[in-house]
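Just below is one structure, and these are the notes that go with it.
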Amino acid sequence: MLLFLIRRVATMLLTAICLTFIVFYLTNLPPNLEKLAKSEASARMSDEDVASWIERYGYAQPVLVRYGEWLGLLPGWTRSEDGEITGRCIPRGSDPAEAPARCGILQGNWGTSTVFKAPVAEIIGTRLAATGWLMFWVMAVMVPASLLIGVLSGMREGSRLDRGLSIFSIASTATPEYVSGVVLIALFASSTTGISPLLNSWGLIEDKTLFLGTATSALDGITFWNFTLPVMTIALYGIGYIARMTRASMTEVMTAQYIRTARLKGVSFRNVVMKHALRNALIAPFTVIMLQFPWLLNGVVIVETLFNYKGFGWTLVQAAGNNDIELLLACSVVAVIVVLVTQLISDIGYVFLNPRIRLA
Amino acid sequence: MNDFLTWTGVTGPVLNPILGVLTVLLILAWLAQLVLSVLPAGAAGAVLRDGTLAARRSPAELAALAARYLLLAIVAVILAYLVLGLVLPGLPAKGIIGGMSARFWPVWLALAVTFALSITYKRHLGLYGKLYDSPIGMVGFGMVMFWVFTAIFAPLIMTHDPLSQISGMKNVLPGAPVPGDGGAYYLLGGDNLARDVFSRMVAGSTVVIQIAPLATLFAFMVGITLGLPAGYYGGALDTVLSFAANLILAFPVILLFYLLVTPEIVSSGLPQYIGMLLFLFPLIFLAVMINSRLYVKPRLRSGLIAAVAVIGGWLYLSLLSSPGTPVDILPPALDLIEVPGNILIVFVSVVFVNAPTVFRIIRGLVLDIKSRDYVAASQTRGEGPWYIMLWEILPNARGPLIVDFCLRIGYTTILLGTLGFFGLGLSPESPDWGSTINAGRRFLSIYPHAAIVPALALMSLVLGLNLMADGLREESLRD
């Protein structure tokens with residue numbers, strides 16, 4: 001077990017280093033740097049000016065060296081010009097002698113965002129907290145709903161209930177977030193179409209619409225009114241997939257020998273399902289739910305853009321669209337860590353939950 | 001000035017109330033079924049005079065039966081809308097639904113011919129014929145073929161040019177008449193730039209149907225060519241390839257798209273270099289396949305491989321090379337296919353995202369199959385490793401692969417929509433569904449039709465593919 005853990009963690013670190021290097025390399029290609037120079041200094045710079053700007057701010061070094069500086073493994077660049085020493089780790093107007101030699105993400109220095117004009121660590125912190133709430137509510141809706149659907153339809157394979165629920169899950173996996181979001185907004189959050197005008201004219205709702213079509217106000221306070229649609233939009237796409245996995249695992253368990261023995265002993269169907277089948281059937285969905293996190297990240301980006309909820313996904317889009325190199329790097333580090341950690345948890349959890357592996 | 005079209009035309013006053021009543025009854029029947037199935041069932045049968053038992057339908061079963069017939073009746077009413085739309089003269093009489101049905105006549109014809117022929121000869125058609133034994137699979141296949149035929153017959157179906165704007169038609173509601181043009185209507189309304197939503201939806205199907213299946217096929221070629229040796233040989237090759245696949249899979253898809261498709265990176269030529277690498281795999285795949293099968297007939301083999309190399313190589317070069325980009329190899333006279341640069345980039349990034357998953361599936365299947373007896377038999381016979389991989393293992397893995405192929409086309413469609421939704425890759429004018437949703441979402445709460453129409457179109461295509469995959473899975477598991 002220990003060896004397994006060490007190997008998994010080592011692979012994980014290697015993956016993280018490779019991935020961040022790829023992102024670093026791609027965001028630091030010459031055209032990107034030229035754009036950065038023009039947006040930071042002046043849009044009408046000549047090519048020589050751009051080259052000297054890139055030289056002055058340390059972007060002209062080899063990519064590997066700069067990657068090492070960004071990580072904090074190599075000492076940051078310094079440069080003395082007209083007796084004034086500037087450098088990566090020397091904030092403007094401070095004494096160069098006091099500055100640390102290395103300042104990368106290992107030292108906790110994530111850099112500054114060029115779009116938001118603020119430290120990256122601060123931005124990522126607040127945005128992640130906002131997205132954390134979204135994720136929490138999505139999980140709170142998605143996991144119970146999908147497990148219930150999966151267990152109910154896998155309980156009696158081929159029954160009418162099973163077929164109905166299966167078609168629902170297939171339909172939900174066929175509805176990506178940008179489709180369900182659009183449909184849900186038109187149905188519930190439009191003052192001209194859908195059911196809101198009807199409910200309003202009947203006097204059942206006080207506001208113009210049943211739900212709010214943007215989630216910007218949810219940053220100040222989450223209410224049922226402003227947060228239902230984004231949560232439902234993400235949850236709908238995930239429910240189908242988890243439910244189908246649960247169903248497959250449940251049908252497999254229900255045909256096992258020990259279930260037949262229990263039934264033949266005279267245990268009631270309800271007890272067989274609740275006490276014998278359920279625990280074994282929920283091992284596989286656990287892995288699936290953990291591996292669903294990376295997908296959620298995808299959905300979060302779409303939903304936050306659609307509902308204008310300024311969380312992590314929205315930040316990622318802003319950073320990528322505006323060539324904000326340090327912010328984009330930080331976003332990808334966070335995303336990669338989320339993906340890898342959930343993979344690790346799902347592996348370890350699978351080993352712990354499955355008695356056949358744990359006791360062997 | 002003509003009036004707006006109604007949704008159902010002259011059939012509406014008759015059919016709408018019927019449809020309403022039937023729908024309410026159906027919902028009641030479903031509720032009754034749900035409630036009755038929870039209640040304990042009474043006596044299972046009635047005792048007849050001669051002492052035998054006669055089965056009796058329980059109330060729950062009666063409700064289920066009623067629900068079934070009501071559902072059939074609703075389908076019949078919907079068919080009536082479509083058929084009457086074909087028959088009735090004049091757009092005001094047809095209504096919007098009937099009018100659309102009339103525009104889609106080539107699709108209905110092609111669908112009818114396909115289904116009639118396939119059902120007649122279904123016993124001779126292998127797995128495809130078995131699809132017609134599963135109602136779900138048949139419905140899914142019908143939905144997919146609807147969009148395929150729409151893509152093929154798009155010029156016949158469109159009512160207006162998908163890019164041209166007509167003044168005064170900005171954001172008009174569905175069924176709006178075109179001013180100054182007698183019989184012309186915007187069937188599904190106009191978008192924010194006064195273009196016809198219906199025609200754009202139809203034109204969008206062409207973009208999606210052209211890219212999605214082909215991109216999936218390429219991803220499969222890459223995945224198969226790399227996954228077979230990884231699973232078969234194992235060892236260091238497997239470790240390296242699996243690590244690379246996991247690396248790509250650990251990227252959030254959207255970040256990857258932003259990294260590949262933004263203008264700065266496109267101008268550096270990186271997506272085209274990835275394309276050069278990825279598009280090599282179909283050629284390698286075909287050449288290895290021919291070689292492993294026909295190495296005993298060197299003449300035929302060399303001829304075929306030369307043909308693949310020449311024709312495939314020419315296609316390869318003319319697909320990749322486009323003037324004004326870093327990859328500009330062929331002179332324009334020899335450039336066979338002119339793919340607009342951004343479509344090629346979208347294609348490459350979609351293949352790049354899909355290939356690692358296919359690789360993992362193939363590798364898993366090979367690991368499972370390579371311990372079978374027939375593999376051992378052909379190893380004993382002295383067959384080469386590639387013959388075993390391509391002609392012994394791959395055909396025996398086809399069931400799961402075909403199912404996954406259908407699902408993956410759907411997933412590719414979703415990815416294309418995602419790219420369009422973020423305004424990446426395809427030009428903003430493009431009528432593809434993702435870009436149209438992106439353009440329509442800004443005015444969603446006031447004029448929802450411009451975004452809803454492509455959204456539902458995309459959903460129905462993906463749903464069709466998923467249902468078809470489900471039907472195929474059930475039928476291929478049966479034998």
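The values are calculated or read from the model by the stated rules, or taken from the named source; none is laboratory data. As the structure is a computational prediction, the values presented were derived from the model and not from experiment. Positions of Cβ are backbone-derived with ideal geometry, glycine not excepted, and every protein chain shown enters the neighbour counts.
Pairing residues of the stretch A:56-73 that are under 19 Å from A:Ala101 (Cβ atoms) with residues that are in a helix (DSSP H, G or I) and among the aromatic types (Phe, Trp, Tyr), at Cβ distances under 8 Å and at least 6 apart in sequence or on separate chains, gives A:Arg66/A:Phe24; A:Tyr67/A:Phe21; A:Tyr67/A:Phe24; A:Tyr67/A:Tyr25; A:Trp70/A:Phe24.
When each of A:Ser169, A:Ser159 is tested for being touching a residue at least 24 places away in the same chain (Cβ under 8 Å) and more than 9 Å from chain B (Cβ to nearest Cβ), the lone residue that passes is A:Ser169.
Exactly one residue out of B:Tyr232, B:Tyr258 is within 14 Å of chain A (Cβ to nearest Cβ), in contact with a helix residue (DSSP H, G or I) (Cβ under 6 Å, 6 or more places away or on another chain), in contact (Cβ under 8 Å) with a residue 12 or more places away in the chain and of a type in the set (Phe, Trp, Tyr): that is B:Tyr258. For the stretch B:434-453, the set of residues classified as assigned to a helix (DSSP H, G or I) and either at the interface with chain A (Cβ under 9 Å from one of its Cβ atoms) or in contact with a strand residue (DSSP E or B) (Cβ under 6 Å, 6 or more places away or on another chain) (or both) consists of B:Gly434, B:Ile437, B:Asn438, B:Gly440, B:Arg441, B:His449, B:Ala451, B:Ile452, listed by residue number. The residues of the stretch A:189-231 that are in contact with a Ser or Thr (Cβ under 8 Å, 6 or more places away or on another chain) and touching a residue at least 60 places away in the same chain (Cβ under 8 Å) amount to a single one, A:Gly213. Being buried (at least 18 other Cβ atoms within 10 Å of the Cβ) and part of a loop (DSSP other than H, G, I, E, B), is that true of even one residue in the stretch A:233-248? So far as the stretch A:233-248 goes, no, none of its residues is buried (at least 18 other Cβ atoms within 10 Å of the Cβ) and part of a loop (DSSP other than H, G, I, E, B).
Take the conditions more than 11 Å from chain B (Cβ to nearest Cβ), closer than 30 Å to B:Met459 by Cα, hydrophobic (A, V, I, L, M, F, W, C) and over 21 Å from the mean Cα position of the chain (by Cα) and apply them to A:Phe224. Does it pass? Spelling it out, A:Phe224 is indeed more than 11 Å from chain B (Cβ to nearest Cβ), closer than 30 Å to B:Met459 by Cα, hydrophobic (A, V, I, L, M, F, W, C) and over 21 Å from the mean Cα position of the chain (by Cα). The single condition among (1) assigned to a helix (DSSP H, G or I); (2) touching a residue at least 12 places away in the same chain (Cβ under 8 Å); (3) within 14 Å of another protein chain (Cβ to nearest Cβ); (4) surrounded by 18 or more Cβ atoms within 10 Å (Cβ to Cβ) that A:Ala186 does not satisfy is (2). Across the stretch A:189-199, the qualifying residues are those that are aliphatic (A, V, I, L, M) and in contact with a Leu (Cβ under 8 Å, 6 or more places away or on another chain), and the one among them that is nearest to the other protein chains (Cβ to nearest Cβ) is A:Ala189. Residues considered: A:Ile289, A:Ile259. Of these, the only one that is of a type in the set (Val, Ile, Thr), at pLDDT below 85 and not assigned by TED's automatic domain parsing to the domain that holds A:Thr27 is A:Ile289. Here are some conditions: (1) part of a helix (DSSP H, G or I); (2) surrounded by fewer than 18 Cβ atoms within 10 Å (Cβ to Cβ). B:Pro323 meets all but one. Which one does it not meet? So B:Pro323 meets the others, but not (1).
Please verify whether B:Asp133 is touching a residue at least 40 places away in the same chain (Cβ under 8 Å), over 16 Å from B:Leu461 (Cα atoms) and within 14 Å of chain A (Cβ to nearest Cβ), treating the condition exactly as stated.
No: the conditions fail for B:Asp133.
Here the condition is being over 25 Å from A:Phe211 (Cβ atoms), out of contact with any Pro (no Cβ under 9 Å at 6 or more places or on another chain) and within 11 Å of another protein chain (Cβ to nearest Cβ); of B:Leu463, B:Leu424, B:Leu390, it holds for B:Leu424 alone.
Under the condition of being touching a residue at least 60 places away in the same chain (Cβ under 8 Å) and basic (Lys, Arg), which residue from the stretch B:103-130 is surrounded by the fewest Cβ atoms within 10 Å (Cβ to Cβ)?
First, the residues of the stretch B:103-130 that are touching a residue at least 60 places away in the same chain (Cβ under 8 Å): B:103, B:127, B:130.
From what is left, the residues that are basic (Lys, Arg) are B:103, B:130.
On the way: B:Arg103: 22, B:Lys130: 19.
Within the stretch B:103-130, the match that is surrounded by the fewest Cβ atoms within 10 Å (Cβ to Cβ) is B:Lys130.
The set of residues in the stretch A:25-51 being in a helix (DSSP H, G or I), more than 11 Å from every other protein chain (Cβ to nearest Cβ) and either loosely packed, with under 14 Cβ neighbours inside 10 Å or touching a residue at least 40 places away in the same chain (Cβ under 8 Å) (or both) consists of A:Ser39, A:Glu40, A:Asp47, A:Glu48. Residues that are more than 19 Å from B:Arg293 (Cβ to Cβ) and part of a helix (DSSP H, G or I) within the stretch B:367-379 comprise B:Leu367, B:Asp368, B:Asp373, B:Ala376, listed in sequence order.
Per the listing A:Ala189, A:Ala215, A:Ala174, the residue uniquely within 26 Å of the chain's Cα centre (by Cα), closer than 30 Å to A:Asn280 by Cα and of a type in the set (A, V, I, L, M, F, W, C) is A:Ala174. Taking the stated definitions as given, is B:Val348 buried (at least 23 other Cβ atoms within 10 Å of the Cβ), among the β-branched types (Val, Ile, Thr) and within 15 Å of B:Gln272 (Cβ to Cβ)? Here the answer is yes, as B:Val348 does meet what is asked.
Residues are listed down the side, and each one gets a yes or a no for (1) outside the structural domain of A:Val300 (by TED's automatic domain parsing); (2) hydroxyl-bearing (Ser, Thr, Tyr); (3) in a helix (DSSP H, G or I); (4) over 21 Å from A:Val336 (Cβ atoms):
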| position | (1), (2), (3), (4) |
| --- | --- |
| A:Glu98 | yes, no, no, yes |
| A:Ala101 | yes, no, no, yes |
| A:Gly125 | no, no, yes, no |
| A:Ala129 | no, no, yes, no |
| A:Gly132 | no, no, yes, no |
| A:Met135 | no, no, yes, no |
| A:Met142 | no, no, yes, yes |
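Of the residues B:Tyr447, B:Tyr387, B:Tyr374, the single one that is of a type in the set (Phe, Trp, Tyr), farther than 23 Å from B:Ile254 by Cα and surrounded by 22 or more Cβ atoms within 10 Å (Cβ to Cβ) is B:Tyr447.
Could you count how many residues in the stretch B:174-186 are under 28 Å from the mean Cα position of the chain (by Cα) and either surrounded by 24 or more Cβ atoms within 10 Å (Cβ to Cβ) or among the hydroxyl-bearing types (Ser, Thr, Tyr) (or both)? Full working, then the answer.
Restricting attention to the stretch B:174-186, the residues satisfying the condition of being under 28 Å from the mean Cα position of the chain (by Cα) are B:174, B:186.
Those still in the list that are either surrounded by 24 or more Cβ atoms within 10 Å (Cβ to Cβ) or among the hydroxyl-bearing types (Ser, Thr, Tyr) (or both) too: B:186.
Here the count works out to 1.
Considering the stretch A:270-360, the qualifying helices (runs of 4 or more DSSP H), each wholly inside and each with 2 or more residues that are within 14 Å of another protein chain (Cβ to nearest Cβ), run over A:283-307, A:312-321, A:325-353.
Applying the set (1) within 12 Å of A:Tyr309 (Cα to Cα); (2) in a helix (DSSP H, G or I) to A:Ile222 leaves exactly one unmet item: (2). From the list A:Ser191, A:Ser201, the lone residue that is farther than 27 Å from A:Ile170 by Cα, part of a loop (DSSP other than H, G, I, E, B) and assigned by TED's automatic domain parsing to the domain that holds A:Leu297 is A:Ser191.
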